[in-house]
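S.K.: Here it is: the structure, laid out below.
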Amino acid sequence: MTDVRYPFTAIVGMADLRLGLLLNAVSPAVGGVLVRGEKGTAKSTMVRALAGLLPSIATVDGCRFACDPAAPDPQCPDGPHTDPSASQHPSQLVELPVGVAEDRIVGSLDLERALAEGVKAYEPGLLAKAHRGVLYIDEVNLLQDHVVDLLLDAAAMGRSYVEREGVSVRHAARFLLVGTMNPEEGELRPQLLDRFGLTVEIAATRDPAERAEVVRRRLGYDADPVGFAARFAAQERELAEHITAARELLPKVELSDVALRQITAVCAAFEVDGLRADIVMARTAVALAAWAGRTEVLEEDVRKAAQLALPHRRRRNPFDAPGLDEEQLDRTLEEHAQPDDPEPEGDGPGDGPGPDGGPDGDGPDEGGPDGGGAPEPLDGGPEAAASDTAADAPSDASDTSDAEAPAQPPVPAQHPSPSRESAPVAAVDPYRTRLFTVRGTGHGAQGRRSPAETSGGHTIRARRPQGALSRLHLTATLQAAAPHQVARGRDGRALVLHKDDFREQVRQGRESNLVLFVVDASGSMAARQRMTTVKGAVLSLLMDAYQRRDKIGMVTFRGAGAELALPPTSSVEVGAARLESLPTGGRTPLAAGLLRAHEVLRVERLRDPNRRPLLVVVTDGRATGGRDALARSHRAAALFAAQGTASVVLDCESGPVRLGLARTLAGLLGGSAVSLDELRAEGVASLVRENRSESRSANRPANRSENRATTTMRKAA
């Protein structure tokens, strides 16, 4: 193995990622970069190469927190630093592993020494090590939410806070934050996305020549890392000098009122939440000007800043893909390119636009490039003729006399045949669903669904430490030590503590689960246009799983068998896409769908035994195809009941006559059945309120009779 980094200037393509990283190197106040892209696109290679370009830093000798000798941190735990000696060190690149614990990030206190010896012993974490360097988080979307919150809070405030049982430690933590993620493995919550300054989308080039050059350079580096790096040494040195020069120029860059107005107008036009986007865009535009060697922010800087800072802030729900309308961006910049001076009012109709944007006060129609529809074609043109033919054909046909066009009999509505495949249908808009949980207390990853023992939450009891002591239960520790003080020879105010006395907190929070959907896509579901409603229900459950940080999977069954449409993943976007393209038709092999789901859960139990599953079966309960189809499906359902798998059956049966097959299936699974109407959270709440009011009104006469009878019996006694 070699310690020679792959040169930054040797990376082929990916101009936006290159620029985003360099802008943060010039101005860390931009807020870091989130790199979104498919696997194998050199995300990690480029981030590691960036660290080699950063200027070396001077640090106080003996300081574990990399204090700057010119301006040492007054709150440094290793301080105060008076007249310190200093030395030069390269900028640190700290990589955060996916399974990192909170104590490893912020540091930890030696609680045993603190209680037994009265020593405040603090071991710095990764945030202290990354101070004045680069903190790189690979697969940031796979980290637990509270860990990501902690990292982003430190990056925003430039300081880390450690609170452990009344002992407080604070130290500076300013670093260039870079996170990478593969969207196929799950998204970050919008609140966390907003905390990253810039976002860059990357994908592997499809140009064979470029791909060949990438492979050629990588093979050359693997064969001779030192020689390969020497080939790019001059370019690396030139780029490092460029970063230093841009840093020195940064304080001299002026952000004019016109540029600032363009920034705020763009953020308002794209309806981003809050004001963080405006601040990030301003800092990015200033950094772009400094990188270009200018002292004034131009419109091109504002445009590029918007392209880097806004796409990930425009998501309204987890199924929205990040993006930016370039035409709307250019139009907004053009409208606010001049100083906001009052314009004289014109008297003529041609002096300016009307109140609604048009010359005569008529605004554009909805749906067009300017927020309205396309302009109407002139009368007699080919576009008008085609439009009239397409749009007015039914009404024109009805007005035609019998001699010109014989009347056509009405065409009855066509229902898909169970044996024929139907085209995918769109889902209704998602809605908030009721909460389904797994019974008992789990030990899985932190989430928002089922009760579990977690590192967060409220304390429910104490126990002996399992491994290193991290969450001291002070009361239980004192209770364990108190009976032994005389025998241990206590002769002062301090307690005599032994290692066996220490107790740690057991906290109960909520965990994330594996929600496995088993969706009936047979012809019976397509009949009576039920699939639109069913897809909307599953889409709503997918959004609920996203908000509760669950993993999801999807098994579909139709025709001759079942298939794993979506292997268990954290990406609900992929699940929504698979659901949207799901065709329907054919027979209903319910048993095959359940057996396929049983196999999926068996494999996932081996991979992650702590993640408990929740089975959601979406069906009307019918089973066709082969002999004893219904009996075979019931035997398959009994397998889940035997293992105690939590399950819910979404009953899709409709119509005046119902067989109740889905309810029977739920009983065999050992779970519950919920109709489509009962799935909505607001519907459940109103149903509960109605039941309560009915029970109160029904109980009032009975309660009065009971009270009278009780009074009579007391008098008789």
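The values are calculated or read from the model by the stated rules, or taken from the named source; none is laboratory data. This structure is a prediction, so every number in the text was calculated from the model and none was measured. So basically every Cβ, Gly included, is an ideal-geometry build from the backbone, and we count neighbours across all protein chains shown. Just the protein is used for accessible areas: all its heavy atoms, side chains included, with ligands, DNA and RNA removed. Shrake-Rupley method; radii C 1.70, N 1.55, O 1.52, S 1.80 Å.
S.K.: Which one of PHE8, PHE65 is open to solvent by less than 20 Å² (accessible area, probe 1.4 Å), under 34 Å from the mean Cα position of the chain (by Cα) and modelled with pLDDT of 90 or more?
M.R.: PHE8
S.K.: Could you please find all residues in the range 136-162 being of a type in the set (Val, Ile, Thr), at pLDDT below 80 and not in a helix (DSSP H, G or I)?
M.R.: Hit for the range 136-162 is VAL162, nothing else.
S.K.: Next question, about the same structure. Could you please find all residues in the range 214-232 being surrounded by fewer than 15 Cβ atoms within 10 Å (Cβ to Cβ) and in contact (Cβ under 8 Å) with a residue 12 or more places away in the chain?
M.R.: Hit for the range 214-232 is VAL226, nothing else.
S.K.: Give all pairs with beta carbons closer than 8 Å in which a residue from the range 499-513 that is touching a residue at least 40 places away in the same chain (Cβ under 8 Å) and on the phi < 0 side of the Ramachandran plot meets a residue that is among the hydrophobic types (A, V, I, L, M, F, W, C) and part of a loop (DSSP other than H, G, I, E, B); count only pairs at least 6 apart in sequence or on separate chains.
M.R.: PHE502/LEU469; GLU504/LEU469; GLU511/ALA445; SER512/ALA445; ASN513/VAL438
S.K.: Do the conditions hold for ALA537, that is, is it under 30 Å from GLN191 (Cα atoms), open to solvent by less than 30 Å² (accessible area, probe 1.4 Å) and within 32 Å of the chain's Cα centre (by Cα)?
M.R.: Answer is yes for this residue.
S.K.: Moving on. Mind listing whichever residues of the range 77-94 are over 41 Å from the mean Cα position of the chain (by Cα), assigned to a strand (DSSP E or B) and surrounded by 13 or more Cβ atoms within 10 Å (Cβ to Cβ)?
M.R.: ALA86
S.K.: When both residues are 6+ apart or on different chains and their Cβ atoms are under 7 Å apart, which pairs have a first residue that lies in the range 284-295 and is over 20 Å from GLY197 (Cα atoms), and a second that is not in a helix (DSSP H, G or I) and not β-branched (Val, Ile, Thr)?
M.R.: Correct list of pairs: THR295/GLU254.
S.K.: Looking at (1) within 19 Å of GLY158 (Cα to Cα); (2) over 34 Å from the mean Cα position of the chain (by Cα); (3) of a type outside the set (Phe, Trp, Tyr), which is the one condition that is false for SER56?
M.R.: For SER56, the failing item is (1).
S.K.: May I pose another question? Anything in the range 465-483 that is at pLDDT 85 or above and in contact with a helix residue (DSSP H, G or I) (Cβ under 8 Å, 6 or more places away or on another chain)? List them, or say none.
M.R.: Once the filter is applied, which keeps residues that are at pLDDT 85 or above and in contact with a helix residue (DSSP H, G or I) (Cβ under 8 Å, 6 or more places away or on another chain), the range 465-483 yields THR477, ALA480, ALA481.
S.K.: For residues that are of a type outside the set (Asp, Glu) and under 36 Å from the mean Cα position of the chain (by Cα), scanning just the range 617-638, find the one that is farthest from THR532 (Cα to Cα).
M.R.: Residue satisfying both the conditions and the ranking: ALA638.
S.K.: Could you say whether any residue in the range 45-64 is of a type outside the set (A, V, I, L, M, F, W, C), in contact (Cβ under 8 Å) with a residue 60 or more places away in the chain, out of contact with any helix residue (DSSP H, G or I) (no Cβ under 6 Å at 6 or more places or on another chain) and under 30 Å from ASP278 (Cβ atoms)?
M.R.: Taking every residue of the range 45-64 in turn, none turns out to be of a type outside the set (A, V, I, L, M, F, W, C), in contact (Cβ under 8 Å) with a residue 60 or more places away in the chain, out of contact with any helix residue (DSSP H, G or I) (no Cβ under 6 Å at 6 or more places or on another chain) and under 30 Å from ASP278 (Cβ atoms).
S.K.: Oh, and also: Could you list all residues from the range 467-493 that are in a loop (DSSP other than H, G, I, E, B), within 26 Å of GLY107 (Cβ to Cβ) and open to solvent by less than 80 Å² (accessible area, probe 1.4 Å)?
M.R.: Correct list: GLY467, LEU469, SER470, ARG471, HIS473.
S.K.: Can I ask one more? Identify, please: which residue in the range 639-671 is loosely packed, with under 14 Cβ neighbours inside 10 Å and within 18 Å of ALA597 (Cβ to Cβ) and is, among those, farthest from the chain's Cα centre (by Cα)?
M.R.: Among those that are loosely packed, with under 14 Cβ neighbours inside 10 Å and within 18 Å of ALA597 (Cβ to Cβ), it is ALA642.
S.K.: Check the range 202-213 and report whether any residue there is touching an Asp or Glu at 6+ places or on another chain (Cβ under 9 Å), on the phi < 0 side of the Ramachandran plot and crowded, with 17+ Cβ neighbours inside 10 Å.
M.R.: The answer is yes, given that some residue of the range 202-213 is touching an Asp or Glu at 6+ places or on another chain (Cβ under 9 Å), on the phi < 0 side of the Ramachandran plot and crowded, with 17+ Cβ neighbours inside 10 Å.
S.K.: List pairs: first in the range 537-548 and over 11 Å from SER571 (Cα atoms), second among the small types (Gly, Ala, Ser), Cβ under 8 Å, 6+ apart or cross-chain?
M.R.: Here the result reads VAL538/ALA427; LEU539/ALA427; LEU539/ALA576; ARG548/GLY447; ARG548/SER512, each pair linking the range 537-548 to a residue that is among the small types (Gly, Ala, Ser).
S.K.: Here is a check on your reading of the model: is LEU152 out of contact with any Gly (no Cβ under 9 Å at 6 or more places or on another chain), closer than 21 Å to TYR546 by Cβ, open to solvent by less than 10 Å² (accessible area, probe 1.4 Å) and touching a residue at least 12 places away in the same chain (Cβ under 8 Å)?
M.R.: No: the conditions fail for LEU152.
S.K.: Being in a helix (DSSP H, G or I) and of a type in the set (S, T, N, Q) is the requirement here; does THR532 meet it?
M.R.: Yes, satisfied.
S.K.: Looking at (1) open to solvent by 20 Å² or more (accessible area, probe 1.4 Å); (2) aliphatic (A, V, I, L, M); (3) under 42 Å from the mean Cα position of the chain (by Cα), which one does LEU514 not meet, given that it meets all the others?
M.R.: Status for LEU514: all satisfied but (1).
S.K.: Would it be correct to say that ARG170 is open to solvent by 20 Å² or more (accessible area, probe 1.4 Å), assigned to a strand (DSSP E or B), out of contact with any helix residue (DSSP H, G or I) (no Cβ under 9 Å at 6 or more places or on another chain) and among the basic types (Lys, Arg)?
M.R.: Yes; evaluated as a whole, the condition is true for this residue.
S.K.: Among the residues of the range 189-198 satisfying the criterion of being out of contact with any strand residue (DSSP E or B) (no Cβ under 6 Å at 6 or more places or on another chain) and at pLDDT 75 or above, which is nearest to GLU123 (Cα to Cα)?
M.R.: Looking at the filtered set, the residue picked out is ARG195.
S.K.: Which one of these is surrounded by 18 or more Cβ atoms within 10 Å (Cβ to Cβ) and under 30 Å from THR82 (Cα atoms): VAL30, VAL47, VAL60?
M.R.: VAL60
S.K.: Checking the condition modelled with pLDDT under 90, polar (S, T, N, Q) and more than 30 Å from PRO613 (Cβ to Cβ), which residue from SER695, SER654 passes?
M.R.: Only one candidate passes the filter, namely SER695.
S.K.: Here's something else I'd like to know. Within the range 234-249, restricting attention to residues that are hydrophobic (A, V, I, L, M, F, W, C) and open to solvent by 40 Å² or more (accessible area, probe 1.4 Å), which residue is nearest to ALA287 (Cα to Cα)?
M.R.: Looking at the filtered set, the residue picked out is ALA245.
S.K.: Quick test for you: out of GLU563, GLU599, pick the one residue that is assigned to a helix (DSSP H, G or I), over 25 Å from the mean Cα position of the chain (by Cα), over 19 Å from ARG449 (Cα atoms) and of a type outside the set (Lys, Arg).
M.R.: Testing whether each residue is assigned to a helix (DSSP H, G or I), over 25 Å from the mean Cα position of the chain (by Cα), over 19 Å from ARG449 (Cα atoms) and of a type outside the set (Lys, Arg) leaves just GLU599.
S.K.: Inspect the range 505-522 for any residue being outside any loop (DSSP other than H, G, I, E, B) and in contact with a Cys (Cβ under 9 Å, 6 or more places away or on another chain) and give the result as yes or no.
M.R.: yes
S.K.: Taking the range 444-466 as the search range and keeping residues that are farther than 19 Å from LEU142 by Cα and in a loop (DSSP other than H, G, I, E, B), which one is farthest from the chain's Cα centre (by Cα)?
M.R.: Applying the filter and picking the extreme gives ARG464.
S.K.: Any residue in the range 1-23 that's in a helix (DSSP H, G or I): show its pairings with residues that are among the aromatic types (Phe, Trp, Tyr) and open to solvent by less than 10 Å² (accessible area, probe 1.4 Å) at Cβ separation under 8 Å, as long as the two are six or more apart or on different chains.
M.R.: Final answer for the pair search is ALA10/PHE228; ARG18/PHE8.
S.K.: Name the single residue that is surrounded by the most Cβ atoms within 10 Å (Cβ to Cβ) among those in the range 602-638 being basic (Lys, Arg) and without any contact (Cβ under 8 Å) to a residue 40 or more places away in the chain.
M.R.: Filtering the range 602-638 for residues that are basic (Lys, Arg) and without any contact (Cβ under 8 Å) to a residue 40 or more places away in the chain, the one surrounded by the most Cβ atoms within 10 Å (Cβ to Cβ) comes out as ARG605.
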